[in-house]
Amino acid sequence: MFAVSVPTNSVRNSCLFKLVKEGVLKPGQVGKAVLPSGNEVTLNYVKDNGVLKAWEMSEIYRIPIEPVPEEYIEKIIPKADGRLIKSRHDIVGDTTILKYVTEHHPNGKINQLYIKRGA
């Protein structure tokens, strides 16, 4: 699989949906951009009907689980000091919503989860 070159200013969180809307990123495709700092940003566009995941969870818990379709963009930024920052942006309607950010360190990871108020 080859990677699509993505403009540097399009990897901002607020611009991610525009990449999908304009057809720059297609489901299952990877996009890459090089930031002025020299870091390379990788974007993975995932669109899944959720059947495989539901089947796996049903096997683990031994109860039937309904499939939940997923559509999101995963953004991965490796840092020069060995850290790796991953974020998931769910595509909802005509926008993206940040779901979580995970920062992987050599000694562990920090997970920051974003949820709706009242949830």
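What is the distance, in nm, between label points placed 7 Å from the Cα along the Cα-to-Cβ direction at Leu98 and at Asn111?
Rounded to a tenth, the inter-label distance reads 1.8 nm.
Select one label from [x] 126; [y] 136; [z] 156: the one whose number is volume of the Cα convex hull per residue in Å³ as derived from the coordinates shown.
Correct label, based on the coordinates given: [z].
Say we join alpha carbon atoms closer than 10 Å with springs in a Gaussian network model of the chain; which of Ile76, Ile97, Ile63 then has the biggest fluctuation?
Ile63
Using amide H atoms built 1.01 Å from N in the peptide plane, name the residues 5+ places from Leu25, or on other chains, whose amide H lies under 5 Å from its own.
Result for Leu25 returns Val20.
We did not get these values from a lab; they are worked out from the coordinates using the rules stated. What you are looking at is a predicted structure, and each value in this text was computed from that prediction instead of being measured. Positions of Cβ are generated from backbone atoms using ideal geometry, with glycine treated the same way; all protein chains shown enter the neighbour counts.
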